[in-house]
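Read-outs throughout are calculated quantities, based only on the coordinates presented, and are distinct from any laboratory measurement. The model shown is predicted, which means the values in this text are computed figures rather than measured ones. Positions of Cβ are backbone-derived with ideal geometry, glycine not excepted, and every protein chain shown enters the neighbour counts.
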Amino acid sequence: MNIHEYQAKELLKKHGVKIQEGIVASTADEALEAAKKLNAETGTSWYVIKAQIHAGGRGKGTVNETGSHGVVLAKSLDTVPTIAGAILGGTLVTHQTGPAGKKVNKVLIAQDVYYPGDSAPKEYYMGILLDRAKGCNVIMASTEGGMDIEEVAENSPEKIIKEWIDPKVGLQGFQARKVAFKLGLEGNAFKEMVKFIFSLYKAYESSDSSMFEINPVLKTSDNKILAVDAKVNLDDNALMRHPDLLALRDVTEEDPAEVEAGKFGLSYVKLDGNVGCMVNGAGLAMATMDIIKLSGGEPANFLDVGGSANAETVEAGFRIILQDPNVKAILINIFGGIVRCDRVANGVVEAYKKIGNISIPIIVRLQGTNAEEGAKIIDESGLAVHSAILLKDAAAKVQEVLG
Ligand code: GDP
Ligand code: MN
């Protein structure tokens, strides 16, 4: 699960990470109030107005309706409402959002930390993520902050510093010092960076995150080390341990069909193809997508109904797949282990009748306990549903209905 920059910064601050302070606002009036409050609290008289969406590249992105960028500097209090107004409610398109962009519902009014006239601000990159191959977390840092890190990784990989953390002993002092040293820091800035890395790692571990990306980390001319941006990805499997973090979920940022699927305990990922599929088990779902490709189709989605393929989940699955106008056929591939094929077949027939206006062919392949009975139920239902027991027959039927 992703969270917004303003929420991520609160999480960091709670663990002692120094951040660029800010206050979130949903309207131009609130933005002005936020700026006044920020002025009283931090003394800043310039403000950075930042669109809050779950995507990066906001600074270079453009709001369709107004042409404003997604991160804008306001050099006086009275320009804050106008600038915020040109971002709020608009559709921000960045290289990470795709051409459809994302609607901006909130802006963060942040203090300006690049002091006017400051000749020596320096931006760094810092990320923490799980290295699955090595089975431990890795801190990644670079002197090339503020830039697209994927570009740095491709063009000058030597500029990316990596430090792997042994999960049994945690982050060690020498490791944090090594990173700060390799970033070329000395004196107070060095000490501040070591503290920054420790607090950041603590925030990462205690929130069960799977990715942190702080780009840029700023060194001011008076040697403060601050998180100016913050991207946090929390591990979904650990969210039950963090009800406070789960409460930060913003479903408006997620794909509506995927949110709907989640309500029924279905794992759904939309893809661009023409054959929808509904399968029990992630491995079988992957294999079914391969079968679709081999039959000349393209999978329109990944959909794992999990262990419980009953009338209710099948109906939910149908409805979600049918929302996609590209779908020309649906392949249901269920292995009846604990769940019996005849029950699944009845569920399919029931769901099919309940939805009523399904105009595309459905191929149901049931294998396992009571497979024959299941196929019989499908064949005798009188509906435009084709049954198959062998996977190669199901594939042939997909090929046939696609023409
Ligand atoms: P992103 O474009 O979505 O990654 O958003 P960031 O939060 O990284 O901001 C984009 C850029 O805005 C940064 O790289 C900075 O150059 C600039 N920026 C952010 N905060 C400030 C600030 O306080 N003052 C000034 N002058 N620029 C800032
Ligand atoms: Mn950034």
Report the equivalent ellipsoid semi-axes for the range 32-169 in whole Å, largest first, defined as the square roots of five times the eigenvalues of the gyration tensor built from alpha carbon atoms. 32, 20, 15
Spatial separation of Cα centroids for the range 333-403 and the range 272-328, in angstrom: 13 Å
Scattering curve values for the range 256-402, log₁₀ I(q)/I(0), Debye with Cα scatterers, q = 0.18 Å⁻¹: -0.96
Could you work out which residue, out of Ala74, Ala141, Ala384, moves most in a Gaussian network model of the chain, that is, has the largest mean-square fluctuation with Cα springs under 10 Å? Ala384
Residues meeting the amide H criterion for His15 (H placed from the backbone, H to H distance under 5 Å, 5 or more places apart or on another chain) are none
May I ask which of Lys106/Lys224; Lys102/Lys162; Lys122/Lys162; Lys60/Lys219 have a Cα-Cα span longer than 30 Å here? Lys102/Lys162
Against the 2.2 N^0.38 Å rule of thumb, the C-alpha Rg of the range 60-135 sits at a ratio of 1.45
I'd like the distance separating the alpha-carbon centroids of the range 188-204 and the range 138-152, in whole Å. 17 Å
With labels modelled as points extended 7 Å from the Cα through the Cβ direction, what inter-label distance (nm, one decimal) is found for Arg177 paired with Glu10? 3.7 nm
Three semi-axes of the equivalent ellipsoid, the range 112-179, Cα gyration tensor, whole Å, largest first: 27, 16, 10
Rg (one decimal) and Dmax (whole number) from the Cα set of the range 21-111, in Å, equal 12.2, 39
Sum of -39500 (n - 2.57) over DSSP H runs of 4+, divided by residues of the chain (222 nm, nearest 500): -10500 deg cm²/dmol
Cα extents of the range 248-318 along the three principal axes, largest first, in whole Å? 41, 26, 19
Can you tell me which of 364-375, 228-239 comes out highest on packing, and rank the rest after it, using the mean Cβ neighbours within 10 Å? 364-375, 228-239
Whole angstrom only: what separates the Cα centroid of the range 14-56 from the Cα centroid of the range 93-114? 13 Å
Quick one: what do you get for the chain if you divide its Cα Rg by 2.2 N^0.38 Å? 1.21
What residues qualify as long-range amide H neighbours of Gly57, i.e. H under 5 Å apart, gap of 5 or more or another chain, H built at 1.01 Å from N? none
Suppose we keep just the alpha-carbon trace of the range 122-242; what are its Rg and Dmax in angstrom? 13.9, 42
Report Rg (one decimal) and Dmax (nearest whole number) for the range 310-361, counting Cα atoms only, units Å. 11.2, 33
Share of Cα-Cα pairs in the range 209-334 lying beyond 21 Å, as whole percent: 53 percent
Can you order the peptides 101-111, 278-288 by their average number of other Cβ atoms within 10 Å per residue, highest first? 101-111, 278-288
Using the Kirkwood formula on alpha carbons, the hydrodynamic radius of the range 181-231 in angstrom works out to 11.6 Å
Mind checking the full-extension length gain between Asp208 and Val259? Use 0.36 nm per residue of separation minus the Cα-Cα distance, one decimal, nm. 16.2 nm
For Phe174, Phe196, what ranking results if the residue with the fewest other Cβ atoms within 10 Å of its Cβ goes first? Phe174, Phe196
Neighbouring Cβ atoms within 10 Å as the yardstick, rank Asp118, Asp250 fewest first. Asp118, Asp250
